Every structure is written in C-alpha cells, then in structure tokens.
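**Q** Below: one structure in structure tokens.
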Ligand code: FES
Ligand code: FES
C-alpha cells in the first residue's frame with residue numbers, strides 16, 4: 001500500500017473568535033484537528049468523530065456545526081467561534097444548576113446553548129429539548145442542562 | 001457548595017489527556033486480533049511503510065511477565081501465541097504522524113489458525129471450548145439461608161421466571177487515553193482513569209519496576225462509570241511499552257469506534273427465579289440462579305458476581321433464600337465494571353419477578369412490596385441484620401405519593417380503553433445498593449488519606465480518589481470546609497498523582513463520598529489534634545495555628561492522617577458468604593410511566609419519580625445530578641442500548657448505530673431524598689453513585705407489562721422486541 005502524501009497542503013484564512021488566522025493544512029484535515037492540534041485550542045472536544053455526539057460543536061457564521069465533519073478548507077473566509085471565546089461569567093446559571101459533571105460534553109453543550117440564547121425566537125417553533133438533541137451528555141441526564149438554559153433565557157428576557 | 005471545577009469545564013479550560021500540548025508526541029496505534037480464538041501463525045509487515053521510522057512493540061518487548069495485574073493475571077498485555085477474543089491487542093506502533101500510524105496499523109496482517117470459540121454463555125461448553133479450569137467457570141459463589149428445598153416443596157404457590165439483560169457500553173463522552181514517557185528513569189503515565197494505584201501496580205508488575213520508578217497521574221476524566229476502572233491499566237501498559245522502547249513521549253488515544261470495540265462492557269446476564277409465596281404475596285422462599293458472561297478474561301468478574309448475588313434477592317425479608325452465581329468464559333471482548341457492578345442485572349430480574357407474582361396473585365404491585373420490604377431488625381439474604389433506622393416502606397410510600405401512582409394508574413386504565421393506538425402504564429421498582437467494597441474488601445484495601453496543613457495556611461487534601469464528573473473534588477472540599485470551619489478558598493484537593501497521594505483506594509463502588517469522605521473527616525480531626533486540639537469551630541484561628549506551627553517547626557510537615565479500619569460492628573464471612581456484606585445500604589423506589597404506540601411499538605418514558613434514602617444529602621445539586629444521570633443511563637440500558645454481536649465482537653461500535661438517550665428521550669425526573677444518617681459515612685452519607693442504575697429497567701418493564709398485558713423479561717426491550725413479545 002502507498003501512503004497518501006501529506007504535503008498536499010492548502011492555505012486557508014478565516015476568522016477565529018474575532019481574529020483573522022491563516023493556516024496551512026492538508027485538504028482532508030478536519031476543522032476539529034486544526035483547532036485542537038495546529039491552533040492549540042483544545043477546548044473543542046472529540047467524542048465520536050462522526051457527527052453524533054456534539055462534543056465538537058463550534059459556531060460557523062453563527063450556526064452550530066460539528067467540527068469533526070467539516071474540512072478546514074471549508075471555513076475559508078468564514079467566521080468560526082469556539083468555546084475559547086466564552087467567559088465563565090456568561091455561564092453562571094450553568095454553574096449553579098449543575099449543568100456540567102465530567103465536562104467532556106460541556107464545551108459543545110455550551111456552544112449550542114449560546115446559539116439558542118442568541119436566537120430565542122427558535123423557541124417559538126422548537127422545543128428546547130429538541131434543539132439540544134444533537135449534544136449527547138452521559139452524566140447529567142440533561143435536566144440540569146435544560147434548567148440552566150431556561151434560567152439563563154429568562155434572565156436574558158428580563159434584562 | 002457549587003461544583004469547584006465547573007467553570008473550567010464549562011469553558012473548555014479543563015485539561016483532558018488529549019488536550020495536553022502535542023508537539024513532541026509520538027502517536028500510538030494498536031494491531032488487534034480479527035478472530036475470537038486461535039493461534040497466531042504469522043505477523044506480516046506490509047510494504048509501502050518505512051517500518052524503521054516507527055516504534056514497534058510486541059510481547060517480546062515486555063520486560064516482566066506478560067500479564068495484566070488485576071484480580072488474576074490471566075490476561076496478557078499483548079497476545080503472544082494465542083488469541084482469546086476479537087480485538088485482542090497483538091502489536092503496538094507509534095510514529096510522530098497520526099496519519100502514518102493509522103496506515104501502518106492497516107498494513108500489518110496477522111494470520112491466525114482458528115480454534116473453536118465459545119460464544120454463547122447460556123450454553124455449557126463442549127470439551128473443545130474449555131479454556132479456563134475444567135469448565136470455563138471463572139467464579140462460582142453461593143448464598144444460603146434457611147431451608148430452601150423444603151420451603152419450596154411446602155409453598156402454596158411457586159412462581160418461576162427467566163430473565164435476561166444485555167451488554168451495555170459505557171459511552172463516557174471522553175474516550176480512553178494515556179500518555180507515557182520516561183523521565184530520569186521514572187516512567188510517568190498520565191491519563192483518563194478511576195484508579196491510579198491499579199495502574200501503578202499493573203505497570204510495576206509487567207514492566208519489572210518498583211514503585212519509585214512508576215508514577216501515575218490522573219488527568220481530567222471525562223466520565224468513567226466503571227469503564228475506566230480496569231481497562232486503563234491495559235492502555236497505560238501499551239503506551240508505556242512504546243515510550244520505553246522508543247524513549248519518546250507516546251500518546252495512545254482510542255477513537256470512539258476503537259473504544260467501543262475493544263474496551264469492557266456491562267456483563268450480560270441470565271437469571272432464573274423460583275419463588276414460593278403465600279396467598280397474600282408474602283415471600284416464603286427465593287431460589288435464584290445468576291449466570292454472567294465474563295468474556296475472554298477474568299478482569300473484575302468475580303467481584304461483579306459477588307455484588308450481583310448479594311443484591312439478587314432485593315430489599316426484602318425472606319426466611320429461605322438460595323442464590324447461586326456463576327460467571328463463565330466466552331471468547332468475547334472481556335466484560336468489566338459498569339456502574340452498579342452486577343446489581344442492576346440481578347435486581348432487574350428480581351423486580352420483574354415480584355411484579356409477576358403480584359400479577360399472578362392479583363394483588364397490587366405496591367402492596368406486595370409493602371408486605372415484604374425489610375423492616376428494622378429483619379435480615380437480608382446474607383443474614384445481615386438491618387437496623388439502620390431507615391424506613392423502606394416510607395421510601396415506597398413517598399414515591400407513590402409523589403408520582404400520584406394510584407390516580408395515574410386509574411387514569412391510564414381509562415385512557416387505554418379509549419385510545420385506539422396508544423397505551424399507558426405505570427410501574428414500580430424497589431431496590432437497594434450497598435456502598436463500598438463488598439465484605440472484607442475495605443479492610444484489604446486499608447485506604448489512607450492525608451490532609452496537609454501547609455505553611456501558607458492552606459489545607460491540602462491528598463487522595464487517590466479522582467474526580468470523574470461525580471463531584472469528588474467538591475464533596476471533599478465541602479467535607480473539609482465543614483469539619484474545619486474553613487473557607488473553601490483555602491482548601492485544595494491535589495491531582496491524583498501516585499508520587500504525591502497515598503492510596504485511598506479506587507474510585508469505584510460508590511465509596512468515595514461515604515467511605516473515603518469519612519476517612520477525610522478523621523484525617524481532619526487528626527490534624528486538629530496535632531495543633532493541640534485547636535478548636536475546629538473557628539477556621540480563621542485554625543489557619544493561624546497552622547501558620548504558627550510552621551513558624552516554630554520550619555521544614556517540618558503537618559499532616560493529618562487516617563486509615564480505614566473495619567468498624568467493630570461489621571462481621572463478614574467470606575467462606576460462607578454470610579454477614580454484613582456492606583456497612584450501609586441506600587434504599588430506593590422508582591416509578592416509571594410509559595406510553596407505547598401500538599403502530600410503531602415505540603416506547604416513551606413520559607414521567608419518572610425517584611425517592612431514595614441516602615443517609616445524608618451532602619450536596620443536593622450533585623446528588624440530584626447523580627440520580628438523574630444514573631436513571632438516564634438505565635433508561636438507555638432498558639430500552640435503547642443494544643450491542644450487536646458477531647464472533648464476540650460488537651458490530652455497532654459507533655454512536656450512530658448504538659443509541660444512547662438524547663435530551664428529548666428523557667422524561668421529567670422528580671427526585672426526592674430521605675435521610676437516616678449512617679455512622680459509617682461522612683456526615684452520615686451513604687454512597688449513591690450506582691444506586692439509580694438499579695431501578696429504571698424493572699420499573700419501566702413493569703409499566704410496559706401493565707400498559708400492554710405483555711410479559712417482557714429481557715432488556716434492552718427495543719420496539720422490535722416489544723413487537724415480537726406482543727404479537728407472539
Ligand atoms: S466529535 Fe463531532 S459530533 Fe462527536
Ligand atoms: S457532563 Fe459528562 S458527558 Fe456531559
């Protein structure tokens with residue numbers, strides 16, 4: 001068997017957490033690996049590598065996507081937001097309600113939750129639990145996640 | 001107290017093993033067996049790979065015995081001549097490029113001459129299939145109380161039943177992984193784990209090193225559920241062998257598919273009951289047979305069997321009980337620890353059996369439990385006298401009230417008559433769970449914990465019990481804060497590093513808060529004593545006293561210590577399996593409501609109620625999280641999570657084909673705690689991590705039986721299986 005050449009590189013520029021970055025990647029590199037191993041942003045996790053668990057959720061032009069299913073070249077000239085852009089004080093309700101246990105799902109859960117929080121009108125057409133269905137959590141049983149998101153939505157509404 | 005490490009987890013700052021910098025890392029891969037049983041004839045290294053650029057390890061590179069040190073030493077670190085299951089590791093590789101490692105693993109072909117595998121644990125082996133002892137039985141255990149045969153002969157009614165439960169995959173969201181390197185002749189292994197000292201001992205044994213030459217450090221562990229109790233020893237050994245041979249830092253991370261294919265799962269079980277009852281439903285005799293599938297190697301199976309049979313008769317009083325247990329070899333990927341450790345299997349069978357008896361006698365499922373639940377002064381199957389002040393009937397009653405059981409049941413009956421295609425039902429399960437190691441296990445562990453009063457006044461807890469999501473860091477912080485009246489900002493729990501922390505035992509068996517937490521209280525008291533009994537109601541004064549102590553004694557260490565001793569009132573006989581199996585049991589009743597669509601046979605759990613007596617609630621949010629998370633995992637086991645086997649290998653080893661509960665699959669779960677403090681736990685707390693795994697499967701199947709009139713006796717009960725049950 002022969003080894004696919006690794007030198008088949010492409011240059012990609014995109015906006016990452018508000019800053020322009022340039023990377024040189026192989027055409028088949030996943031965004032997840034570029035973030036984790038090339039750009040050393042290890043907050044985004046790999047739980048399955050096949051789009052099922054949501055641990056790798058990032059926002060691409062504001063929409064949640066699975067970074068394990070996206071080639072890095074696909075984000076050329078687009079905007080990527082990862083968990084590293086999030087500050088703990090934005091997540092107080094998640095802290096107090098117990099939305100994280102082991103933490104492996106949490107960065108992905110938080111990115112999806114922030115997307116919902118940024119688009120509360122989604123809740124007019126979708127149930128909260130359905131919107132969270134793409135993020136697996138094996139620890140919490142989801143109740144604490146849903147409650148913290150509800151709490152954080154209602155605080156946002158009051159303000 | 002809120003979870004102490006929550007902010008770093010929520011913001012992705014927590015460092016898991018694969019989050020460490022990877023610049024100089026060599027990535028590892030594993031070449032595995034493709035057959036369930038056979039003799040290795042040839043290992044062929046294919047062309048197109050520059051093999052000299054890789055670190056290559058096989059069994060000949062193991063400096064010590066080729067054995068993974070667990071309960072027994074039957075499992076090789078790497079297969080040498082024979083393989084006993086598909087995915088058994090044979091050759092290890094490492095290279096700086098992950099891509100090249102993946103390709104190199106593919107380029108190796110292993111030729112195996114097949115032998116006849118043993119694949120179905122429910123049938124006795126043929127002579128050609130014997131691979132362990134004379135009968136493939138890893139362990140046989142028996143509990144006997146009263147006179148079972150006479151009581152069965154005399155019982156007015158005898159109900160029989162056979163129950164089956166399937167394997168379950170842990171699906172911790174962080175897959176397994178380890179990193180190893182040699183630093184000044186010390187082998188340093190870091191990774192995702194529950195039991196640092198198990199790993200250290202396994203490394204010392206197979207690598208011929210002393211404890212000074214092996215240092216094991218836990219990194220953030222993204223869920224364990226028992227799956228990171230035994231298997232991490234193997235991954236640690238593999239990473240270490242590569243690191244030693246290549247003298248490079250080596251990282252071995254399983255991707256999800258490899259993790260699901262190669263690592264342990266919950267033991268499948270086949271359980272038979274014969275129960276003698278009187279006409280009111282009083283239990284006269286229970287005759288129970290528990291058979292577990294152990295897979296290819298012993299791993300932790302003997303202790304899983306032990307816990308399984310001790311819980312098999314349920315939280316009921318009965319004068320005559322016989323429980324026989326066996327765990328047997330099959331040529332399947334080994335089964336291992338999983339939350340509940342055999343008790344969910346045996347209590348699933350028991351709670352279905354109780355409901356079926358009620359059905360047969362035409363009495364209410366709640367009533368039959370009320371009649372038989374252990375009252376203070378009565379005994380369990382091992383003749384353990386229960387006198388803990390907990391009221392098991394009150395637990396049941398509270399669950400009934402909270403779930404509005406009787407009203408809901410009536411409403412469902414009306415609904416079922418009226419609705420053309422939907423059926424609803426409500427089911428109950430009462431159960432218990434003993435915390436800590438079984439019998440004399442805690443004495444053998446002899447756990448130790450230290451708390452250092454540092455010169456800066458900080459209290460530093462040193463324990464080998466790890467945080468894996470269950471809240472150990474928070475509970476330990478809270479225990480110290482309350483015992484010493486200390487500000488939580490001045491308390492740290494150091495990382496579990498075998499070169500720093502004493503052996504406080506493995507992070508398993510719901511023992512951390514209760515047993516190790518209790519030791520931590522004692523260590524706190526020991527520290528206070530050394531400060532001349534400085535009061536521990538005033539943390540500020542205590543902190544000053546610690547700082548003063550160091551002023552007077554520079555270069556000395558102030559350490560509060562505690563070591564586990566068997567409480568004098570606990571007696572256990574390992575030979576007869578009689579006595580106090582656990583120093584405390586937590587008690588619980590679950591109530592499940594289901595809705596079934598008769599067109600699709602889809603089963604939805606629509607409501608769930610969990611009431612539990614847990615001694616003392618140390619931290620309400622954490623405790624609720626444990627209960628809700630456990631129930632969700634058990635809903636998956638009951639209804640969704642099916643391993644498809646071929647040649648003892650899981651075929652659906654990915655998260656598209658092996659389905660765990662998602663957010664919309666989980667019903668509202670009402671959780672309520674009752675408290676009857678135990679003298680054997682921190683602040684009176686009992687262990688709760690595993691408890692919630694026991695109830696949901698039987699409660700749900702009892703509800704399905706009630707809704708449909710079916711008599712399902714095996715899980716997972718998928719729509720296909722329910723259809724078969726209903727249409728045949
Ligand atoms: S890792 Fe991307 S969805 Fe699981
Ligand atoms: S907190 Fe562990 S998987 Fe969600």
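**Q** Across segment A:94-105, what is the number of residues that are within 16 Å of ligand 1 (Cβ to nearest atom) and on the phi > 0 side of the Ramachandran plot?
**A** The total comes to 1.
**Q** Confirm whether residue A:36 is more than 7 Å from ligand 1 (Cβ to nearest atom), within 13 Å of another protein chain (Cβ to nearest Cβ), without any contact (Cβ under 8 Å) to a residue 40 or more places away in the chain and assigned to a helix (DSSP H, G or I).
**A** yes
**Q** Now for a separate question. Among the residues of segment A:111-128, write down those that are surrounded by fewer than 20 Cβ atoms within 10 Å (Cβ to Cβ) and within 16 Å of ligand 1 (Cβ to nearest atom).
**A** Matches in segment A:111-128: A:115 only.
Conditions tested, residue by residue: (1) assigned to a loop (DSSP other than H, G, I, E, B); (2) within 7 Å of chain A (Cβ to nearest Cβ); (3) modelled with pLDDT under 95.
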residue	(1), (2), (3)
B:12	yes, yes, no
B:23	yes, no, yes
B:28	no, no, no
B:42	no, no, no
B:48	yes, yes, yes
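**Q** Something else now. If residue B:671 satisfies all but one of (1) within 12 Å of another protein chain (Cβ to nearest Cβ); (2) in contact with a strand residue (DSSP E or B) (Cβ under 9 Å, 6 or more places away or on another chain); (3) crowded, with 22+ Cβ neighbours inside 10 Å, what's the number of the condition it fails?
**A** Against the list (1) within 12 Å of another protein chain (Cβ to nearest Cβ); (2) in contact with a strand residue (DSSP E or B) (Cβ under 9 Å, 6 or more places away or on another chain); (3) crowded, with 22+ Cβ neighbours inside 10 Å, residue B:671 comes up short only on (3).
**Q** Residue A:84: within 13 Å of chain B (Cβ to nearest Cβ), touching a residue at least 40 places away in the same chain (Cβ under 8 Å) and closer than 19 Å to residue A:37 by Cα, yes or no?
**A** yes
**Q** Is it the case that some residue within segment B:154-162 is in contact (Cβ under 8 Å) with a residue 24 or more places away in the chain, on the phi < 0 side of the Ramachandran plot and under 27 Å from the mean Cα position of the chain (by Cα)?
**A** yes
**Q** Checking residue A:108 against (1) in contact (Cβ under 8 Å) with a residue 60 or more places away in the chain; (2) surrounded by 21 or more Cβ atoms within 10 Å (Cβ to Cβ); (3) more than 12 Å from ligand 1 (Cβ to nearest atom), which test does it fail?
**A** Residue A:108 satisfies all of (1) in contact (Cβ under 8 Å) with a residue 60 or more places away in the chain; (2) surrounded by 21 or more Cβ atoms within 10 Å (Cβ to Cβ); (3) more than 12 Å from ligand 1 (Cβ to nearest atom) except (3).
**Q** Would you please list the contacts, defined by Cβ atoms under 9 Å and residues six or more apart or on different chains, that run from a residue in segment A:44-60 that is outside any loop (DSSP other than H, G, I, E, B) to a residue that is near ligand 1 (Cβ under 6 Å from one of its atoms)?
**A** Listed pairs, sorted by first residue: A:57/A:66; A:58/A:66.
Every residue, every condition in (1) assigned to a loop (DSSP other than H, G, I, E, B); (2) at pLDDT below 95; (3) farther than 30 Å from residue A:100 by Cβ, yes or no:
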site: B:479; (1), (2), (3): no, no, no
site: B:482; (1), (2), (3): no, no, no
site: B:489; (1), (2), (3): no, no, no
site: B:519; (1), (2), (3): no, no, no
site: B:529; (1), (2), (3): no, yes, yes
site: B:541; (1), (2), (3): no, yes, yes
site: B:565; (1), (2), (3): yes, yes, yes
site: B:581; (1), (2), (3): yes, no, yes
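**Q** In contact with a helix residue (DSSP H, G or I) (Cβ under 6 Å, 6 or more places away or on another chain), within 16 Å of ligand 2 (Cβ to nearest atom) and either touching a residue at least 60 places away in the same chain (Cβ under 8 Å) or in the same structural domain as residue A:63 (by TED's automatic domain parsing) (or both), is that true of residue A:97?
**A** no
**Q** Exactly one condition in (1) free of Cβ contacts under 8 Å to residues at least 24 places away in the same chain; (2) at the interface with chain A (Cβ under 10 Å from one of its Cβ atoms) is not met by residue B:52; state its number.
**A** For residue B:52, the exception is condition (2).
**Q** Moving to a separate point now. Can you tell me which condition residue A:90 does not meet? The list is (1) facing chain B (nearest Cβ under 10 Å); (2) more than 16 Å from ligand 2 (Cβ to nearest atom); (3) part of a loop (DSSP other than H, G, I, E, B), and all the others hold.
**A** For residue A:90, the failing item is (3).
Here is a yes/no grid of residues against (1) within 15 Å of the chain's Cα centre (by Cα); (2) at pLDDT 95 or above:
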{"site": "A:3", "(1), (2)": "no, no"}
{"site": "A:9", "(1), (2)": "no, no"}
{"site": "A:13", "(1), (2)": "no, yes"}
{"site": "A:20", "(1), (2)": "no, yes"}
{"site": "A:38", "(1), (2)": "no, yes"}
{"site": "A:58", "(1), (2)": "yes, yes"}
{"site": "A:68", "(1), (2)": "yes, yes"}
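**Q** When you look at residue A:67, is it more than 12 Å from chain B (Cβ to nearest Cβ) and within 13 Å of ligand 1 (Cβ to nearest atom), yes or no?
**A** Against the criterion (more than 12 Å from chain B (Cβ to nearest Cβ) and within 13 Å of ligand 1 (Cβ to nearest atom)), residue A:67 qualifies.
**Q** With the condition kept exactly as written, say whether any residue in segment B:682-703 is within 16 Å of ligand 2 (Cβ to nearest atom) and over 27 Å from residue B:409 (Cβ atoms).
**A** yes
**Q** Just the residues that are in a strand (DSSP E or B), away from every other protein chain (no Cβ under 11 Å) and crowded, with 19+ Cβ neighbours inside 10 Å, please, taken from segment B:606-644.
**A** B:607, B:609, B:611, B:612, B:613, listed by residue number.
**Q** On to the next question. Take the conditions at pLDDT 95 or above and more than 9 Å from every other protein chain (Cβ to nearest Cβ) and apply them to residue A:97. Does it pass?
**A** Considered against the rule, which asks whether it is at pLDDT 95 or above and more than 9 Å from every other protein chain (Cβ to nearest Cβ), residue A:97 comes out as no.
**Q** Here's another thing I want to ask about it. Being more than 16 Å from ligand 1 (Cβ to nearest atom) and either under 17 Å from residue B:495 (Cβ atoms) or free of Cβ contacts under 8 Å to residues at least 12 places away in the same chain (or both) is the filter here, so list the residues in segment B:18-27 that pass it.
**A** If the condition is that a residue be more than 16 Å from ligand 1 (Cβ to nearest atom) and either under 17 Å from residue B:495 (Cβ atoms) or free of Cβ contacts under 8 Å to residues at least 12 places away in the same chain (or both), then B:20, B:21, B:23 are the ones that fit.
**Q** Of all the residues that make up segment B:586-605, how many are more than 21 Å from residue B:346 (Cα to Cα) and either under 20 Å from the mean Cα position of the chain (by Cα) or within 13 Å of chain A (Cβ to nearest Cβ) (or both)?
**A** Within segment B:586-605, residues that are more than 21 Å from residue B:346 (Cα to Cα) and either under 20 Å from the mean Cα position of the chain (by Cα) or within 13 Å of chain A (Cβ to nearest Cβ) (or both) number 2.
**Q** Any chance segment A:129-141 includes a residue that's buried (at least 23 other Cβ atoms within 10 Å of the Cβ), under 19 Å from residue B:170 (Cα atoms) and either more than 16 Å from ligand 2 (Cβ to nearest atom) or without any contact (Cβ under 8 Å) to a residue 12 or more places away in the chain (or both)?
**A** yes
**Q** So, of the residues in segment A:39-63 that are closer than 14 Å to residue A:109 by Cβ and facing another protein chain (nearest Cβ under 9 Å), which turns out to be farthest from ligand 1 (Cβ to nearest atom)?
**A** A:43
**Q** I would also like to ask the following. Here is a list of conditions, (1) within 10 Å of the chain's Cα centre (by Cα); (2) outside any helix (DSSP H, G or I), and residue A:114 meets all of them except one; can you say which number that is?
**A** Of (1) within 10 Å of the chain's Cα centre (by Cα); (2) outside any helix (DSSP H, G or I), only one is false for residue A:114: (2).
**Q** Report the residue count in segment A:98-111 for those that are under 24 Å from residue A:157 (Cα atoms) and part of a loop (DSSP other than H, G, I, E, B).
**A** The total comes to 3.
**Q** Same structure again: Quick one: is residue A:81 surrounded by 14 or more Cβ atoms within 10 Å (Cβ to Cβ), within 16 Å of ligand 2 (Cβ to nearest atom) and at negative phi?
**A** no
The values are calculated or read from the model by the stated rules, or taken from the named source; none is laboratory data. Here the structure is a predicted model, which means the values were calculated and not measured. Virtual Cβ from ideal backbone geometry, glycine too; neighbours counted across all protein chains shown.
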